[in-house]
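Have a look at the structure below, then the notes.
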Amino acid sequence: MQGILAVVIFLLDIIAIIDALKSSLETGKKVLWVILIFILPVVGLILYYLVGKKK
């Protein structure tokens, strides 16, 4: 069960990183979001979709 959860989190992180890189954010902000998602996979993912992603 833990393996499946790890794979799901990994895939969601990859999707969030791609989304951040494609966004209209400034380059510095994109880099910061990617680093945050990479270092803190679950927390960074949640924060990106709640705070960082522009509607």
Nearest 500 deg cm²/dmol is fine: what mean residue ellipticity at 222 nm does the chain get from its DSSP H runs of n ≥ 4 alone, each adding -39,500 (n - 2.57), divided by its residue count?
-24000 deg cm²/dmol
Compute the length gained on full extension between MET1 and SER24: take 0.36 nm times their separation in residues and subtract their Cα-Cα distance, giving the result in nm to one decimal.
4.6 nm
Taking only Cα atoms, what is the 0 to 90° angle, nearest 10, from helix 27-39's long axis to the longest principal axis of the chain?
10 degrees
Charge context of VAL34, other residues only, Cβ under 15 angstrom, K/R +1, D/E -1:
+1
Report the label-to-label distance for LYS53 and ILE14 in nanometres (one decimal), using points 7 Å from each Cα along the Cα→Cβ vector.
1.8 nm
Rounded tilt (10° steps) of 2-22 against the dominant C-alpha axis of the chain
10 degrees
Please report, largest first and rounded to whole Å, the three semi-axes of the ellipsoid equivalent to the chain, where each semi-axis is the square root of five times an eigenvalue of the C-alpha gyration tensor.
21, 10, 9
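Where a number appears in this text, it was derived from the coordinates with a stated rule and is not lab data. Quantities reported herein were computed from a predicted structural model and do not represent experimental measurements. Cβ: placed from backbone, ideal geometry, glycine included. Neighbour counts: every protein chain shown.
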